[in-house]
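Below you'll find the structure, written out as structure tokens, and then a few comments.
The values are calculated or read from the model by the stated rules, or taken from the named source; none is laboratory data. Everything numeric here is computed off the predicted structure, so don't read it as measured data. Here the Cβ positions follow ideal geometry from the backbone for every residue, glycine too, while neighbour counts run over all protein chains shown.
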Amino acid sequence: MAAVPEEARGLPPPPLLNKMSAWLGGAGWMAALLANGFSQRPLLTAGVHRQVLLTTVGWFAGYFLAKRTQYVHAKKDREMFEYVRHHPEDFKTAGKKRIGELLEDFIPIR
């Protein structure tokens, strides 16, 4: 099974700058810095190409995870709304109440 199924193509794509991409891009960059630190090289100046590569890989992994998450939530919403549509007797709407009927009378305490 693919990470994102074919039926997910109908969904709008997530933005390129999203929380998951930023977190995983940062995690990729930190992994490159840790690799430099463990091999006793200068943290920021050694292996800049590796830092860029791991940041990019993390960013795209975050993008596709965001896409997959969006698909899973859309699928769950579709199943839930389908259930509600087929069983309306379980989900009756209550009559509308005014705000005065919902609130209790105000009695000041001194």
*Contacts under 7 angstrom Cβ, first residue in segment 55-83 being within 13 Å of Leu16 (Cβ to Cβ), partner modelled with pLDDT under 95 and among the β-branched types (Val, Ile, Thr), 6 or more apart*: Phe64/Val4; Lys67/Val4
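This table checks each residue for (1) of a type outside the set (Phe, Trp, Tyr); (2) surrounded by fewer than 11 Cβ atoms within 10 Å (Cβ to Cβ); (3) in a helix (DSSP H, G or I).
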residue: Gly28; (1), (2), (3): yes, no, yes
residue: Lys67; (1), (2), (3): yes, no, yes
residue: Val72; (1), (2), (3): yes, no, yes
residue: Glu79; (1), (2), (3): yes, yes, yes
residue: Lys92; (1), (2), (3): yes, yes, no
residue: Ile107; (1), (2), (3): yes, yes, no
*In segment 30-65, how many residues are among the β-branched types (Val, Ile, Thr), more than 21 Å from the chain's Cα centre (by Cα) and either assigned to a helix (DSSP H, G or I) or modelled with pLDDT of 95 or more (or both)?*
2
*Any idea how many residues of segment 1-26 are buried (at least 16 other Cβ atoms within 10 Å of the Cβ) and either touching a residue at least 60 places away in the same chain (Cβ under 8 Å) or touching a Phe, Trp or Tyr at 6+ places or on another chain (Cβ under 6 Å) (or both)?*
4
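Do you know which residues across segment 89-101 are of a type in the set (A, V, I, L, M) and at pLDDT 85 or above?
Kept after step one, since they are of a type in the set (A, V, I, L, M), are these residues of segment 89-101: 94, 99.
Result: Ile99, single match.
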